[in-house]
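Coordinate-derived values only; no laboratory data. Computed from a predicted model, the values in this text were never measured in an experiment. Here Cβ is always computed from backbone atoms with ideal geometry, including for glycine, and neighbour counts include all displayed protein chains.
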Amino acid sequence: MLLIADIGNSRIKVSLFENDSNPLFFVSILHDKDELINVLLDIKNENKKIDSIFYASVKKKSNLLFEEATLEVFNIKPYEITHKDVNLKKNYYKPEDSIGIDRLLASFASIILFDDYKENDFASIVLSMGTATTLSVMTSKFEFLGGMIIPGIETSFLGLTKQTSLPNVDLNNVSKYKSAINNDTVSALSAGIYYQTIGALNFALEDCKKEIKEKYNLKSRVTITGGLLFIDIFDCKPNIYLVLQGIYICVKR
């Protein structure tokens with residue numbers, strides 16, 4: 001059994017994989033060593049035999065935290081998945097290793113998880129909703145074309161509240177506010193967050209699909225991933241495990 005982790009900017013996602021790309025276990029925790037050790041001990045106490053440990057990270061200062069915790073609990077040194085482990089035909093990002101490994105892995109997995117990728121040419125667009133909201137594009141020939149980065153929903157909202165006296169809102173409820181006309185502050189904030197995110201991404205997706213069609217003559221398929229999947233207006237496939245699955249696929253290949 002493989003223990004696989006995705007170390008993000010805000011949280012660490014821990015999972016277990018065995019015989020296929022669907023995780024048997026998944027938990028998302030803060031960057032806290034005690035909490036991480038408790039999760040790992042729970043896995044160990046469930047008599048799960050861990051053969052190897054792999055992880056990818058965009059927050060390098062947490063790498064040591066993760067490595068020390070896995071060594072302490074399992075006496076296994078984890079292997080870090082980096083750009084060299086993702087077998088691409090071409091990476092157009094410059095410099096190539098400046099693209100976040102999470103974006104590369106999510107895009108890579110999104111292609112392979114479409115069963116017909118060997119028979120059909122298309123472009124996969126991955127929207128990742130996290131500390132940053134990113135759009136990434138990869139062709140079914142494993143050419144990473146690039147994408148865009150905007151502040152994440154929570155990041156943007158916290159930036160606003162720190163600079164004002166506006167109240168906090170429950171970000172998990174913002175998709176309920178689908179009117180631009182609101183008569184209280186919480187509703188107005190929630191609607192603003194909703195329309196800012198949906199408006200930006202829908203506009204970007206429209207232009208992205210158009211450019212992919214005109215420049216590469218490819219149809220686009222969209223997958224959404226990340227920690228803030230409450231945005232339900234997008235007509236696309238949701239998958240919160242995409243980065244973890246990307247690690248698993250790289251390991252198995």
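Of Ser52, Ser62, all but one fail to be surrounded by fewer than 17 Cβ atoms within 10 Å (Cβ to Cβ) and either out of contact with any strand residue (DSSP E or B) (no Cβ under 6 Å at 6 or more places or on another chain) or touching a residue at least 24 places away in the same chain (Cβ under 8 Å) (or both); the exception is Ser52. When residues in the range 20-49 are screened for being within 24 Å of Lys252 (Cα to Cα), free of Cβ contacts under 8 Å to residues at least 24 places away in the same chain and in contact with a strand residue (DSSP E or B) (Cβ under 6 Å, 6 or more places away or on another chain), 3 of them pass.
Scan the range 152-195 for residues that are touching a Ser or Thr at 6+ places or on another chain (Cβ under 7 Å) and within 19 Å of Ile224 (Cα to Cα) and the total you get is 6. Of all residues in the range 91-140, those satisfying the criterion of being charged (D, E, K, R) and farther than 17 Å from Cys250 by Cβ are Lys94, Asp115, Asp116, Lys118, Glu119, Asp121. Of all residues in the range 1-54, none satisfies the criterion of being assigned to a helix (DSSP H, G or I) and under 17 Å from Leu242 (Cβ atoms).
Among the residues of the range 12-69, those identified as over 18 Å from the mean Cα position of the chain (by Cα) and under 27 Å from Ser98 (Cβ atoms) are Ile53, Lys61, Leu64, Leu65, Phe66, Glu67.
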